Structures are given as structure tokens and as C-alpha cells.
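S.K.: Attaching a single structure in C-alpha cells format; questions to follow.
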Amino acid sequence: MARTHVIIVNYNSGDWLTRSLQSACQHSAGLVTVVDNNSLDDSVSNAKMNFQESDRVQWIENTDNRGFAAANNQVLENIDAEFAVLMNPDCELNDKTLSPILAAFDQHQNMGLASCTIFNEDGSIQTTCKRRFPTPLSSLSRMLFLEKIFPRNPRFANFDYGDLTEIRNGTDTSSGTEFIEAVSGAFMVVRKSALEDVGLLDEAYFMHCEDLDWCKRFALAGWQVGFVASSSVMHVKGVSTASRPIGVLWTLHLGMLRFFRKFYKKEHSWLLRTLVAIGIMGSFALRAGLSMLKSLLAKLGLK
């Protein structure tokens, strides 16, 4: 059995699909499967031209957009490797991506899911590479920007915290593994035996929050979620979603609603849950309005 099987779910990612595939083939040893969700651009045709002679690259071309979770599950349900590597089509691996993570899995047999330091193109670190599970209070703090108003108050801490000083400065144990609550779905490595225990991604999430859901289910099943700081990938946000910002915002907020209803229904009163739902929908309305205003100003040349 191969150690890794890389899965890339593609949707209108342009030239980035070829670039992502090149990095996956260069820096992994097993199969690489591209699942295309009925892209309207030439990303697949161009990538196929570059990899037409490769016996390592497999293609699944859907006739509709099934979403992130469902597309990954098409491969995960019959995964033929010790570890599945899920990466976005706008991610790029390097020669220090997989080795430290696989070594960490070997060292920590109870680690079922892991990720690493995720860099933006400019070299900054993405906040979402280390995450806490959102709670009603942390979600409210985020919507009201309380974590920015009171940056030193842990009560209002953001649940995305990957850009904290200890990671930026490299003091976050480069040789060890930190166990955290959740990681980013842009790049995840999952142990097959843990996957068989926990189950596939929840396909009720179309896009966004399925990664939080998976991490929560791993934790509930007794598996650890690891963060390996010495491993890294580069991720360019929004390549596949730039053409539909409002739709992406909608699926993000729907996903957050599902996450709260699924895991916190018994922990909080109906009143608090209702307030959270109102807050999430209010957040969508605000962010969608700002997105449309930004687009209008750009068209008027006022941006």
C-alpha cells in the first residue's frame, strides 16, 4: 500500500491546477486524483495536456458541482493509501511538506488528522491554519470585531489564530507536533484507519465548515488533530471562488449555521441558538453588502 494519495478538488482554478498538480507529483510518491466539479474554464484541459503521459494522475470529471465534501468523498470512500492528502487547487507543496507530517503520524499513533503552517503568496501566515472550534461567544466577538477592539482579552479571542507571534517567529516547536482543535481544509492529511473510524466528510456542507465539522468528529471519536509547524504549504485564497463572492459567503454562513445546530444544540438554550442564527444571517447580510459595494466602486473606478 502506498503511503499517500493526494486529492485535489478543482473548480475554475485556471493555471493554478497545473501548478498544484506539478507540486503534488514532485513532492509526493503515490497517486494524485483530480476531481473536477464541472469547471467552466480550461483548467482541466490545460492540466491534462501537461500530464497526459503521467500514470500517477487520475481524473474524475463530474457533470455538476457537487461541492468540496462530496467531491473529496468520491476518492476517500475507496482510498488506497495509508494517508489521504487533501489539498486545494490553489495550494503548492514543497520538499518539506509531507515528510515532517508523515514522521509525526508515525510518532503519534493516535493522531488521525493533521495540517501545517500555511503561507500566503507574500510569505505571511494564514490565520486559519490553526483554529479553535467556534462558540457562540467567539462568533459574536468576531461579528462585532471585539477581538480587534480588545486584542489582549482572551474572552474575545478569534477562533482563527494561525498568525500568532509564536508561529511567525518560528518558536512553535519546529521538531514537534502541537495538538489543536481544528485545522484548515485548504490542506489536510488524514490517516486511513482514523477515516474508517470517523467517517467521510459531511456532504450536507457544500463548501466551508466541513473541515471544522471533521475535526470536531475526530475529537469526539478520540483522535487527535495535529499541527506540524515545521511542515508548510503555500495557499492562494479565493482562486476558485473569485467569480462568485456572494455565493461563497452564503455557503460559508449556511455551513456555520449547520455546525452550531449539529454540535451545540444540546449545550445551549433555544434563545441563545436563535440569537446565534440571527447573528450569522446578519453577518452574511453585512458582508454581502460590503462585497457588492466594493464591486460597484471598482466598476465606477472609485476603488
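Any read-out appearing in this document is the output of simple, stated calculations on the displayed coordinates, not a laboratory observation. All values derive from a computational prediction rather than experimental measurement. Quick reminder, even Gly has a Cβ in these numbers, built from the backbone with ideal geometry, and neighbours come from all protein chains shown.
S.K.: Among F263, C91, A29, pick out the residue whose Cα is farthest towards the positive end of the charge dipole of the chain, where Lys and Arg carry +1 and Asp and Glu carry -1 on C-beta, about the Cα centre.
M.R.: With unit charges placed on the Cβ atoms, the residue in question is F263.
S.K.: Report the residue, chosen from S184, S283, S20, that carries the largest GNM mean-square fluctuation when the chain is represented by alpha-carbon nodes joined by springs under 10 Å.
M.R.: It is S283.
S.K.: Say we join alpha carbon atoms closer than 10 Å with springs in a Gaussian network model of the chain; which of H235, H208, H27 then has the biggest fluctuation?
M.R.: Answer for the Gaussian network model of the chain: H27.
S.K.: Ok, one more. If you stretched the chain out fully between D106 and E203, how much longer would it get, using 0.36 nm times the residue separation minus the C-alpha to C-alpha distance?
M.R.: On the way: separation 97, 0.36 × 97 = 34.92 nm, distance 2.95 nm.
Once the chain is fully extended between D106 and E203, it gains 32.0 nm.
S.K.: Taking the convex hull of the Cα atoms, report for the chain its projected area averaged over all directions, in nm².
M.R.: For the Cα atoms of the chain, the hull's average projected area reads 16.6 nm².
S.K.: Please list, ordered by chain and number, the residues whose modelled amide H lies under 5 Å from the amide H of D41; skip anything fewer than 5 residues away on the same chain.
M.R.: Long-range HN contacts for D41: N12.
S.K.: Still on this structure, I have one more. Ordered by residue, what ³J(HN,Hα) values in Hz, to whole numbers, does the range 273-282 give under the Karplus form 6.51 cos²θ - 1.76 cosθ + 1.60, where θ = phi - 60° and Gly and Pro are x?
M.R.: Rounded to whole hertz, the list is 5, 5, 5, 5, 4, 5, x, 5, 5, x.
S.K.: Suppose every Lys and Arg Cβ carries +1 and every Asp and Glu Cβ carries -1, with no other charges. What dipole size does the chain come out with about its Cα centre, to the nearest 20 debye?
M.R.: Rounded to the nearest 20 debye, it is 1460 debye.
S.K.: Quote to one decimal, in nm, the extra length available between L286 and W59 on full extension: 0.36 nm per residue of separation minus the C-alpha distance between them.
M.R.: 77.8 nm
S.K.: Run the quick spin-label model on M49 and F145: label points 7 Å from Cα toward the beta carbon, then report their separation in nm to one decimal.
M.R.: Placing both labels 7 Å along Cα→Cβ, they lie 4.6 nm apart.
S.K.: Could you pull out the GluC sites (Glu not before Pro) across the range 1-108 that fall in loop regions by DSSP (anything but H, G, I, E, B) with no more than 10 other Cβ atoms inside 10 Å?
M.R.: In loop regions of the range 1-108 (DSSP not H, G, I, E or B), the sparsely surrounded GluC sites (Glu not before Pro) are E53, E77.
S.K.: Let me ask something additional. Anyone know which of W270, W214, W59 comes out most mobile in the 10 Å Cα GNM of the chain?
M.R.: W270
S.K.: Now for a different question. Note the full-extension length gain between F133 and L271 as 0.36 nm times their separation in residues minus their Cα-Cα distance, in nm to one decimal.
M.R.: The span from F133 to L271 would gain 47.6 nm if fully extended.
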